[in-house]
Amino acid sequence: MKMGLEVFLESEKLHSKYKNKKVGWLCHAASVNQNLKHSLDLVLEKTKLNITAAFGPQHGFMAEKQDNMIESEDF
């Protein structure tokens, strides 16, 4: 059995659907593969997707942000 992330990363056909498009990635601290590598890192390394925005919980991808509503400059 494979996780959806693995299937996506291995499928050039799926990548081609997003060619020449701006892509937003929705994830959080538990968005990891079986080796605990974060999905955003994997997508940036293994695809040519044009990730223009990353969306996550209020307290950051790794829950490292202060408890407030301040927008982060991080990517």
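Name the residues in the stretch 17-62 that are aromatic (F, W, Y) and in a loop (DSSP other than H, G, I, E, B), would you? Working first, answer last.
Taking the stretch 17-62 as the starting set, the residues that turn out to be aromatic (F, W, Y) are 18, 25, 55, 61.
The answer is Y18, F61.
Taking the condition of being within 11 Å of L5 (Cβ to Cβ) and either over 13 Å from the mean Cα position of the chain (by Cα) or small (G, A, S) (or both), how many residues in the stretch 16-59 meet it?
Of the residues in that region, 3 qualify.
Any read-out appearing in this document is the output of simple, stated calculations on the displayed coordinates, not a laboratory observation. Quick caveat, the model's predicted, so the values are computed rather than measured. A quick note on method: Cβ atoms are made from the backbone with ideal geometry, for glycine too, and the neighbour counts reach across all protein chains shown.
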